[in-house]
1. Being out of contact with any Cys (no Cβ under 6 Å at 6 or more places or on another chain), surrounded by 10 or more Cβ atoms within 10 Å (Cβ to Cβ) and either at pLDDT 85 or above or among the aromatic types (Phe, Trp, Tyr) (or both): is that true of Asp158 here?
2. What single numbered condition from (1) outside any helix (DSSP H, G or I); (2) farther than 29 Å from Asp134 by Cα; (3) open to solvent by 80 Å² or more (accessible area, probe 1.4 Å) fails to hold for Ala66?
3. Which numbered condition in (1) assigned to a helix (DSSP H, G or I); (2) in contact (Cβ under 8 Å) with a residue 40 or more places away in the chain; (3) open to solvent by less than 30 Å² (accessible area, probe 1.4 Å) is the only one that Met81 fails?
4. Could you list, in sequence order, all residues of region 48-60 that are open to solvent by less than 60 Å² (accessible area, probe 1.4 Å), assigned to a helix (DSSP H, G or I) and of a type outside the set (Lys, Arg)?
5. Among Thr64, Thr85, Thr131, which is polar (S, T, N, Q) and in contact with a Ser or Thr (Cβ under 8 Å, 6 or more places away or on another chain)?
6. With respect to the numbered conditions (1) open to solvent by less than 70 Å² (accessible area, probe 1.4 Å); (2) modelled with pLDDT of 85 or more, which one is the sole condition not fulfilled by Ile73?
7. Quick test of your reading of the structure: Ala102 fulfils all but one of (1) in contact (Cβ under 8 Å) with a residue 12 or more places away in the chain; (2) of a type in the set (A, V, I, L, M); (3) farther than 19 Å from Thr30 by Cα; (4) part of a helix (DSSP H, G or I). Name the failing condition by number.
8. Tell me yes or no: at least one residue of region 107-114 is open to solvent by 80 Å² or more (accessible area, probe 1.4 Å), under 29 Å from Leu42 (Cβ atoms) and in a helix (DSSP H, G or I).
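The values are calculated or read from the model by the stated rules, or taken from the named source; none is laboratory data. These figures come from a predicted structure and were not determined experimentally. Note: ideal-geometry Cβ built from the backbone for every residue, glycine included; neighbour counts use all protein chains shown. Side chains are part of the model used for accessible areas, which takes the heavy atoms of the whole protein and leaves out ligands, DNA and RNA. Shrake-Rupley method; radii C 1.70, N 1.55, O 1.52, S 1.80 Å.
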Amino acid sequence: HFTVRDIDEFFSAVYEVYQRHGFRGWCMRTASHLGIQAFTILFSYVLVWRCDWVKILQCQDESTCATLDNYWISGTHSGWMRYGTSYLVLLGMYWVWSALGAMHQVSVMRKAHWYMEHILRLDISEISSITWDDVMCRMIAVHPAHSHIIRVPVPQFDAEYIVQRIMRFHNYLIAIMT
């Protein structure tokens, strides 16, 4: 068992697990997002800083084109290439930051998944066939017996409270207003 420390983050995680049809779905989405991010960073680096576009644009047909290695810039001493290296390092750091954020979210998502399976008694196959309103109704119904997990007074724990917490987590303007 566990106790929720950040209610906003936990409710958002429960909603995310619901949207992604379980923890595995969330993991697949996150891994694909990180993969796409890495591919985009590396592909844009190659296209901008490693391809010799002057030579590529001079290629009109088979007789005016050279082999592929002639269109590759291999020198790293020019000032232009330093910008490319800075670009790669900066966006590489962003990717690492994103990966570390995803690693932090794994534990939160696991707890949300455990809560949905063991406390709410939702099977993964059920998640795609029920509404979010049904999930919130189950959360409200089981809360009195499991108030040690989510420490919120029972009368205050309703659908509006859950939705406000989720919206607060994702929107600072709503957080300021509530």
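1. It is true that Asp158 is out of contact with any Cys (no Cβ under 6 Å at 6 or more places or on another chain), surrounded by 10 or more Cβ atoms within 10 Å (Cβ to Cβ) and either at pLDDT 85 or above or among the aromatic types (Phe, Trp, Tyr) (or both).
2. (3)
3. Tallying (1) assigned to a helix (DSSP H, G or I); (2) in contact (Cβ under 8 Å) with a residue 40 or more places away in the chain; (3) open to solvent by less than 30 Å² (accessible area, probe 1.4 Å), Met81 fails exactly one: (2).
4. Selection gives Trp49, Ile56.
5. Of the residues listed, the single one that is polar (S, T, N, Q) and in contact with a Ser or Thr (Cβ under 8 Å, 6 or more places away or on another chain) is Thr85.
6. Condition not satisfied by Ile73: (2).
7. The single condition Ala102 does not satisfy is (3).
8. no
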